[in-house]
Amino acid sequence: MRYIILLASTLAMVSPLSHATEILRIFTWDGYVTTQDLIAINQQLKVHDYNIEAQVISPLASGPEQMFDVIRSGKCDISFLTLNYIKMQEEKTAKLLQVIDTQSPRMPNYKKLKTELTSLPMGVVKQGSVYIPFGGGAYGIWANMNKLTTDELPVSVKDLWDEKWKGKLSLAKGQIQPNIALVMLSMDKPPFYINDLINSGNRRQAMQFVADEAQLQTNLLYQQVHSFWDGTPSYDQELLLTSSYGVEIASKNAEGGQWQYVQFEEGSTVWLDTINFAKHLSGAKLEAAEIVANYFIGKSVQSRLVNELGMVSVSNLVENNSLLDNNPDFFPNRCSGNLMTKLPTTSWTSCQIQR
């Protein structure tokens, strides 16, 4: 009898563990997934009888190498990769992702996405697409108008190398590609020139170009830098210029800042963030990931990107998509390689914020 009692007690302890809630790990940029989002997502998963809970992992995303390391370690299930990260360095990150079932019945909102953004070469492998468009914007330089006048602003990207900006500029640390894009533009090259050479089979030419010209120009630019930011741009009032994706600007200006987007004559580098599934996902967790992705490309989140983060929505469900409405060619040539566009100088005036 004692044996039966002990066995029953053991089963009672083991049973709950066999039904323990699985964790769906989301790896994202700061501000993309709110507490309210997680509540809504987990309610949806519960309604659909998934014993799975979505959680945002730490650390938050900060750059391509860091994101690659986290995904490779198997510590996340869903990621929010910037599009050009996917195929950087011989597609090493793409190899960690799985092809998206865009026809899944759990992702009805996929059909509402802007079709020109759903098959971009930077996110497509032989088997199919490894990304779902999420939202975009423009990376650029912002000027501290508390200390500058309009006449003092740089006109060309080349102006950033002028002595007047030495020690007065801040650039990204972990996100090197935007800095290299500035270097390429200053040399009258497309922003992804080096990457394009490598992808076209001209690796030796690319290496020679870097050794002979690009590295020197990059070193000279970095000598201009007062500080490098990692994760969140620097808006130190000692700075005159800072690089940024623009999503914090409204909050900084509400605090007394006067940061203004610098419209270079060469145009602006645009970016697109995406949703991706790790290759190891399968079964119920993959189905749950599709439900989560569908939520983030739905009207409520996509509207928040526009109204609170000053971003470009990728969904046709959003009625007021100001940056795209003001500039239909925001994503030129379907972002096939050189993500450049000329933005109207007034397009950032209604940005509201915090990435």
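What shape does region 156-284 have by the C-alpha gyration tensor, where a ≥ b ≥ c are the square roots of the eigenvalues, rounded means a/c under 1.5, and otherwise prolate means a/b greater than b/c and oblate the rest?
oblate
Projected area of region 208-329, taken from the Cα convex hull and averaged over every viewing direction, in nm²?
12.0
Give me, ordered by chain and number, the residues 5 or more places off Cys76 or on other chains with an amide H under 5 Å from its own placed amide H.
For Cys76, no residues qualify.
Work out from phi, with θ = phi - 60° and the Karplus expression 6.51 cos²θ - 1.76 cosθ + 1.60, the ³J(HN,Hα) of each residue of region 37-42, listed in order in whole Hz, and give x for Gly and Pro.
4, 5, 4, 5, 4, 5
Sorted from largest down, what three extents in whole angstroms do the Cα atoms of region 172-216 have along their principal axes?
That gives 28, 19, 18 Å along the principal axes, largest extent first.
Work out the P(r) tail for region 111-225: percent of alpha carbon pairs separated by more than 17 Å, whole number.
Within region 111-225, distances greater than 17 Å cover 66 percent of Cα pairs.
Apply the Debye scattering formula to region 107-174, with a single equal point scatterer on each alpha-carbon and no solvent, then give log10 I(q)/I(0) at q = 0.13, 0.16, 0.27 Å⁻¹.
-0.65, -0.73, -1.37
Quote the relative contact order of the chain in percent (integer), defining contacts as alpha-carbon pairs under 8 Å separated by 6+ residues.
25 percent.
I'd like to know which of Ser62, Tyr110, Leu81 lies farthest towards the positive end of the charge dipole of region 20-111, counting +1 on Cβ of Lys and Arg and -1 on Cβ of Asp and Glu.
The Cα lying farthest towards the positive end belongs to Tyr110.
Thr232 versus Leu216, label points 7 Å from Cα toward the beta carbon: distance in nm?
Here the modelled spin labels are 4.0 nm apart.
If the cut-off is 17 Å between C-alpha atoms, which aspartates and glutamates fall inside it for Lys46, apart from same-chain ones fewer than 8 positions away?
The qualifying aspartates and glutamates are Glu22, Asp37, Glu287, Glu290.
Where does region 89-138 land on Rg(C-alpha)/(2.2 N^0.38 Å)?
1.20
Which far-off residues, 5 or more places away or on another chain, put their amide H under 5 Å from the one on Gly167, with H placed in the peptide plane?
Correct list: Val225, His226.
Going highest first, how would you order 47-54, 184-191 by mean Cβ packing within 10 Å?
184-191, 47-54
When ligands, DNA and RNA are left out and all protein chains stay put, how many square angstrom of accessible area per residue does region 80-147 have with a 1.4 Å probe?
In whole numbers, region 80-147 has 39 Å² accessible per residue.
For n ≥ 4 DSSP H runs only, could you compute -39500 (n - 2.57) per run for the chain, divide by its residues and tell me the 222 nm figure to the nearest 500?
Helix contribution divided over all residues of the chain: -9000 deg cm²/dmol.
Can you give the FRET efficiency to the nearest 0.05 for Ala284 and Ser73, using r as the Cβ-Cβ distance and R₀ = 22 Å?
That pair, Ala284 with Ser73, gives E of 0.45.
Using the Kirkwood formula over every pair of different C-alpha atoms, what hydrodynamic radius in Å results for region 46-163?
The Cα-based Kirkwood calculation yields 17.8 Å.
Along the charge dipole of the chain, Cβ charges K/R +1 and D/E -1, which of Leu305, Gln175, Asn42 sits furthest on the positive end?
Most positive-ward Cα: Asn42.
Which far-off residues, 5 or more places away or on another chain, put their amide H under 5 Å from the one on Glu266, with H placed in the peptide plane?
When sequence neighbours closer than 5 places are left aside, the close amide H contacts are Val157.
Cα centroid distance between region 170-224 and region 38-113, in Å?
29
Over all distinct Cα pairs, what is the inverse of the mean 1/r for the chain, reported as the Kirkwood hydrodynamic radius in Å?
21.8
Identify the GluC sites (Glu not before Pro) of region 281-335 meeting these criteria: DSSP loop state and at most 15 other C-beta atoms within 10 Å of the C-beta.
Taking region 281-335 and a limit of 15 other Cβ atoms within 10 Å, the loop GluC sites (Glu not before Pro) found are Glu319.
Could you work out what % of the accessible surface of region 53-163 is carbon and sulfur, using a 1.4 angstrom probe and leaving DNA, RNA and ligands out of the count?
50
So if I place +1 on the C-beta of Lys and Arg and -1 on the C-beta of Asp and Glu, and nothing else carries charge, what would the dipole magnitude of the chain be about its Cα centre? I want it in debye, nearest 20.
1020
The values are calculated or read from the model by the stated rules, or taken from the named source; none is laboratory data. As the structure is a prediction and not an experimental result, all values here were calculated from the model. Methodologically, a virtual Cβ is constructed for each residue, glycine included, from the backbone with ideal geometry; neighbour enumeration extends over all protein chains shown. All accessible areas refer to the heavy atoms of the entire protein, side chains included, with ligands and DNA or RNA removed. Shrake-Rupley method; radii C 1.70, N 1.55, O 1.52, S 1.80 Å.
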